[in-house]
Amino acid sequence: SLVSEGTDYQAQEDSRKLSWVNANRAEASARLARPFDLTQIEDYERLTLSLTLKVSATGDDNIILGMACGEGCLSALNMSSTLSDLPRNQWNELAIPLACFVNKGLDPTKVEVPLFVQAKQGWELSLHQASLSNAKTEELTDCPQ
C-alpha cells in the first residue's frame, strides 16, 4: 500500500511524500477531468515532463512512471535506475521527453492521466511539482531504460 503525507520543499506542506510500505504494487496518480490533446500545445515535439522530486529510499522492485490515455491505453517507463542514481534526500529536477512516453504507447491526443507512479515497498520519494513544459534543446535527455 501507499502512504501519502505533506512535506516541505520551499514552503510548509508544499509537496507530497509517497512511501510504499508493503509488497503490493500501489499507484499514485493525477487525473484530468476530461482527456487533453497535447499535440495542440505549441512546440509539442519539444515537450518534457518536468519533475521536482527527492528520493529518500529505493526498493528492490521497479518503480514505474507513466501516463494514461484511456482504457487499455497507457505508457509506462521503468524509472528504477534513473531514480536510484539520484543523490538521496536532495531535491532534483528531472525532465523526461514526452516522446519517451509516445514511443511506449501513449496517444498524445487523449491524455487522461498526465502522471502516475507505481511501486512496491522500499521506495520513498517526495514530489513537489510535475508539469509539461517546452524543453530547451540541451535539456532533452535520453529516455529511461
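The values are calculated or read from the model by the stated rules, or taken from the named source; none is laboratory data. All figures in this text were calculated on a predicted structure; none of them were measured in a lab. FYI the Cβ positions are ideal-geometry reconstructions off the backbone, even for glycines, and counts take in every protein chain you see. The accessibility values were calculated without ligands, DNA or RNA, using every heavy atom of the protein model including side chains. Shrake-Rupley method; radii C 1.70, N 1.55, O 1.52, S 1.80 Å.
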Conditions (1) modelled with pLDDT under 95; (2) in contact with a helix residue (DSSP H, G or I) (Cβ under 9 Å, 6 or more places away or on another chain); (3) surrounded by 15 or more Cβ atoms within 10 Å (Cβ to Cβ) -> Ala76 fails only (1)
Residue match in region 124-139 (condition: open to solvent by less than 30 Å² (accessible area, probe 1.4 Å), touching a strand residue (DSSP E or B) at 6+ places or on another chain (Cβ under 8 Å), closer than 17 Å to Met79 by Cα and modelled with pLDDT under 95): no
